[in-house]
Amino acid sequence: MRIVLFLAIAANSLDLIATALGIHWLGNREGNPLLAGLAHNHWVLFVVVKGVLIPLLIVRLYRYRHMTPRLATAGMGIVTVALTVALCQWLGWIAGVLRVATIVHL
């Protein structure tokens, strides 16, 4: 369960970084796949949600592992998969933008 905790926190952190790069550096107006409206309209609130509330949710689920192990494991799995999918969507989009930019400049 510790590895899932680490993966969830790492995926959340990397998703926040990829969101910042995608929106502010590369100009993606679609936004984060999970929190698009929040990322565009209320950036500070988005950072608070991604940087504080989601890690607190992850830690809370980790603490529930002794009281309700199935619920905690399922919750951690869902959070980890959702964040990993969002991160991979960003990385794919960023790779596509950078690849097209190198082709256009040739």
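Overview of results
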| read-out | value |
| --- | --- |
| Positive-pole candidate from Ile58, Val81, His105, dipole of the chain, charges at beta carbon | Ile58 |
| Whole-number accessible area per residue in Å² for the chain, which is evaluated in the context of all protein chains at 1.4 Å | 64 |
| Rounded to the nearest 20 debye, dipole of segment 1-99 from Cβ charges on Lys, Arg, Asp, Glu | 320 |
| Label-point separation, Ile78 to Met1 (7 Å along Cα→Cβ), nm | 1.7 |
| Estimated inter-spin distance, Val52 and Ile17, nm [label 7 Å along Cα→Cβ] | 2.3 |
| Within the accessible area of the chain (1.4 Å probe), percent carbon and sulfur | 72 |
| Simple label model, 7 Å out from Cα along Cβ direction - Val97 to His40, nm | 1.4 |
| Equivalent ellipsoid, the chain (semi-axes from 5 times Cα gyration tensor eigenvalues, Å) | 30, 15, 9 |
| At least 30 Å along the helix axis (C-alpha) and Kyte average at least 1.0, DSSP helices within the chain | 69-105 |
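The values are calculated or read from the model by the stated rules, or taken from the named source; none is laboratory data. Everything quoted here is computed from the prediction, not taken from an experiment. When we count neighbours, we look across all protein chains shown, and the Cβ atoms used for this are built from the backbone with ideal geometry, even at glycine. With ligands, DNA and RNA removed, areas are computed over all heavy atoms of the protein, side chains included. Shrake-Rupley method; radii C 1.70, N 1.55, O 1.52, S 1.80 Å.
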